[in-house]
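Peer 1: Sharing a structure with you now.
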């Protein structure tokens with residue numbers, strides 16, 4: 001009896017500590033229409049030789065500079081829609097498509113979501129190419145092949161992605177301020193739809209266990 005009561009208490013205590021999905025990295029890379037990289041890449045690492053990818057949520061800059069501040073750590077705590085804008089200094093190529101890998105929970109080797117989008121286009125699809133980029137930029141990671149990432153009862157879905165080269169000179173390769181090289185930056189946005197565990201499900205489970213405990217007590 002006592003063990004059952006303790007189990008119920010532990011269950012309720014765990015409800016407030018369910019770990020949320022956390023977006024901890026992103027790579028943008030030039031590709032073909034199948035999402036196969038052509039080796040130009042931008043990432044949210046900072047301090048390496050790869051150009052940085054800078055994100056904003058509304059008017060708020062998420063990562064800046066070229067050190068530790070260039071990394072991201074975005075808890076997706078509440079159910080709802082999260083839209084992020086990105087900016088990047090263009091490279092030397094004029095690719096027809098771009099790949100986007102999103103990394104969660106500190107895993108920089110295996111993207112949780114991978115998509116390919118046309119240049120100057122809002123049309124995108126899952127990227128399952130065997131030759132995409134890890135967070136550190138190395139082109140040896142397979143694409144996730146899905147727009148849905150799950151972590152426990154959390155579900156994160158990429159619902160929108162667009163890319164264009166019309167951003168003006170807003171960032172440099174290693175700076176979130178206007179760069180030394182003029183021209184139109186790459187700019188785009190992506191939207192994540194987050195679904196979290198239903199509190200009613202936990203409540204019904206807790207009530208059932210509490211009822212079982214009361215029944216055993218009467219016996």
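Peer 1: Out of 62, 50, 74, which single residue is surrounded by 14 or more Cβ atoms within 10 Å (Cβ to Cβ) and without any contact (Cβ under 8 Å) to a residue 24 or more places away in the chain?
Peer 2: After ruling out the rest, the residue left standing is 62.
Peer 1: Now a separate question. Does the stretch 173-193 hold any residues that are over 19 Å from the mean Cα position of the chain (by Cα) and under 18 Å from residue 72 (Cα atoms), and which are they?
Peer 2: 173, 174, 175, 176, 177
Peer 1: If the requirement is being under 30 Å from residue 94 (Cα atoms) and modelled with pLDDT of 95 or more, which of these qualifies: 44, 22?
Peer 2: Numbers: 22 fails: under 30 Å from residue 94 (Cα atoms).
Selected residue: 44, the only one of 44, 22 that is under 30 Å from residue 94 (Cα atoms) and modelled with pLDDT of 95 or more.
Peer 1: Then there is this: Could you please give the count of residues in the stretch 26-44 that are under 14 Å from the mean Cα position of the chain (by Cα) and either in a loop (DSSP other than H, G, I, E, B) or under 16 Å from residue 156 (Cβ atoms) (or both)?
Peer 2: In the first step, residues of the stretch 26-44 are kept if they are under 14 Å from the mean Cα position of the chain (by Cα); the result is 26-28, 43-44.
When the remaining residues are screened for being either in a loop (DSSP other than H, G, I, E, B) or under 16 Å from residue 156 (Cβ atoms) (or both), the result is 26, 44.
So the count comes out to 2.
Peer 1: Examine the stretch 128-144 for a residue that is without any contact (Cβ under 8 Å) to a residue 60 or more places away in the chain and within 14 Å of the chain's Cα centre (by Cα), and state whether such a residue exists.
Peer 2: yes
Peer 1: Then there's this: For residue 92, work out the one condition from (1) at pLDDT 95 or above; (2) surrounded by fewer than 17 Cβ atoms within 10 Å (Cβ to Cβ) it doesn't fulfil.
Peer 2: If we test residue 92 against (1) at pLDDT 95 or above; (2) surrounded by fewer than 17 Cβ atoms within 10 Å (Cβ to Cβ), just (1) comes out false.
The values are calculated or read from the model by the stated rules, or taken from the named source; none is laboratory data. Given the structure is predicted, the values throughout are model-derived calculations rather than measurements. Note: ideal-geometry Cβ built from the backbone for every residue, glycine included; neighbour counts use all protein chains shown.
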